[in-house]
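To start, the structure under review is shown below, and the notes come after it.
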Amino acid sequence: MSERSPDQRRGQIRDQIRELLDSLYRVESGRILATLIRLLGDFDLAEEAMHEAFAAALVTWPQAGVPDNPRPWLISTGRFKAIDRMRRRARFDDETQKDFALYHYREGDARGNQAAPHGEVGDDQEIEDDRLRLIFTCCHPALPPEGQIALTLREVCGLTTEEIARAFLVTPATLAQRIVRAKAIIRDKAIPYQVPASQELPARLGAVLLVVYLIFNEGYSAVTKSNAGFQGQSHALRKEVASTNPATRGAELSPQLSPQLSNEAIRLGRLLLGLLPEPEVMGLLGLMLLHESRRAARISGDGDLILLEQQDRSLWNREQIAEGISLTESALQSRRFGAYTLQAAIAGVHAESSSVASTDWRQITLLYDQLLRIQPSPVVELNRAVAVAMCEGLEQGLALIDALLAREQLSGYHLAHSARADLCRRLGRIPEARVSYEKALALASQEPDRRFLARRLEELK
């Protein structure tokens, strides 16, 4: 067998380096970008610098060898290239040059084979802190909700603009504008790139967790209508954040599920838990895992929605259920839990039950009582009413729903009318059930919901 030519050997080395860089990008790009944003103070410049650093590695490493510690090498090279670019564009004033001198070091060190000293780019803990800074910056309350979500998916999760646009059923240009506006607000308001002080952390962490859960909900209950992007449904999603009772949700939402967004939210939850192991972070991650565990059982082969009581529970993901329950129990034991942990506890009761009939509805009712004390919401009251119906009697639950609808807070919420219709149907009050199903159908905007309600009406003829 003939030996390979020098060109062939170089090509093989280059291919191996390319594979290594692809792997590094998947695993390390989030950390690298977060640190470059801290060092450079600009999102767009940091993104360009990171991509230039990876391109430089593809040129340099085949000749010079792979550094012992590639991540600091990429950070240092990216920073150097950004500084070089800014100098070429004459965008450095004297003060900015002084600031960057704190981080700058000789060109030969940046482009050499060995990584920069840890003091130059930060040790592993500082780099992990950079990821936490990035999350809090992307989820800053000064940004509009759709901007927080788009920026988090782009900068923290690493999704492309096109991927995010497809998930939210908007054009890439529209999605790009959301990201541009969010970055402009960060720049114009001089939003600091930092983790909030301890006294601000609870409120700010709540905003971060809400963004993560909204991302999860968007993937778990992805809409099918072409004009139903996040902008138009943020209010509805925020109401649904409080809704964890699958019986109340009845038909649930769309069969056009988007597992990528749900998986990104779960990955983001794991990242947050590793960086900030607070009880509510545990609770949110547990809640997402428990909901996600039922994905395979939620829709039929024809794309129709399957009610909880009709789902094949053998399809539920037991590993996700076990992890979700473990996280939830740890959060509950801390005695510092909040709404996400209580919602996870409710989801856990459903997950551990072999059927709707064997579900401990009284425990679910008590959990909703606690949830109402810390997060009052008509949607939570609706969910509690269904739990009461299941453990105390259908009439009692129906009376609670009627009282809710009389307050008109949920008069435009199709699931409230659907829940009322279901209880009336079970009680044999068919004319009332038909009227409530018709109201729910008139209010439902998603086609899977409409098909389910239309089938219910047909069954009552």
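FYI, it's all coordinate maths here, none of it is from the lab. The model shown is predicted, which means the values in this text are computed figures rather than measured ones. Ideal geometry is used to build each Cβ from the backbone, glycine not excepted, and the neighbour counts take in all protein chains shown.
At a glance:
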read-out	value
Calculated FRET efficiency for the pair Leu273/Arg26, C-beta based, R₀ 22 Å, to 0.05	0.60
Whole-Hz couplings from phi, Karplus 6.51/-1.76/1.60, listed for segment 298-310; x for Gly and Pro	7, 9, 7, x, 8, x, 8, 6, 10, 5, 4, 5, 9
Amide N proximity, segment 366-384 versus Arg407 label position 7 Å along Cα-to-Cβ, cut-off under 11 Å	376-382
For segment 363-448: rounded, prolate or oblate by the Cα gyration tensor [a/c cutoff 1.5]	oblate
Cα→Cβ-extended label distance, 7 Å offset, between Asp302 and Ile374, nm	4.3
Prolate/oblate/rounded label for segment 156-224 (Cα gyration tensor, a/c 1.5)	oblate
Overall form of segment 316-383 per C-alpha gyration tensor (a/c, 1.5; a/b vs b/c)	oblate
Relative contact order, percent, segment 328-461 [alpha-carbon distance under 8 Å, six or more residues apart]	14
Projected label distance in nm at Leu201 and Leu427, using a 7 Å step from Cα toward the beta-carbon	4.9
